[in-house]
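Taking it in order: structure first as structure tokens, then the write-up.
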Amino acid sequence: MKSISIPLKLINLQNDGFHLLVEIVVFKQKHYAVLDTGASRTVFDKGLIERHLSETLQISDEINAATLFSTTTTIKATIPSLKVGSLKINNYETVAFDLQSVSDTYQQFGHPPIMAIIGGDILMEYNARINYPTLKLLLSKLQG
């Protein structure tokens, strides 16, 4: 896979730091996701997953994904198609948390709602590089 470049949106959180957002397409709809290099895996908003995959969900109180956000119940699901820029990932196995409070906070400060957190599983697999001066996420599949 040749390297692909995906635009990022830098948002200021009350002069207390910055978050990078990336546009994703899931269930044929565009959404924003937080790019989180500290999250061990990618997670999606529970409400989004429940609306589209209610028939195939698995509920678990035992799964724990290391992100900034905690939860008591985790949902496992398979997303048929996830697009990040021109990268398309089919049958992406994910977990879902309630990200509503995160999304509400973003919207309170005039930012778009958040439907996912892109974490280390995707970032590592696709050799992610973040170019802050150009606000681009560069992805390429590692050979091996």
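Read-outs: derived from the displayed coordinates by stated rules, not from any lab. Predicted model only: the values in this text are computed from it and were never measured. Because the Cβ atoms are built from the backbone with ideal geometry, glycine has one as well, and the counts that use them run over all protein chains shown.
Numbers below:
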| read-out | value |
| --- | --- |
| Under-21-angstrom lysine pairs by C-alpha in segment 4-139, whenever the two are 8 or more apart or on separate chains | 18 |
| Partners for Lys2 among aspartates and glutamates (Cα-Cα distance below 17 Å; same-chain residues under 8 apart left out) | Glu125 |
| Sequence of Ile130, Ile79, Ile118 once ranked by neighbouring C-beta atoms within 10 Å, starting from the fewest | Ile130, Ile79, Ile118 |
| Local electrostatic count at Thr105 - Lys and Arg +1, Asp and Glu -1, tallied over other residues with Cβ under 14 Å | -4 |
| Least to most buried among Thr37, Thr94 (fewest other Cβ within 10 Å first) | Thr37, Thr94 |
| Burial ordering of Lys2, Lys88, fewest other beta-carbon atoms within 10 Å first | Lys2, Lys88 |
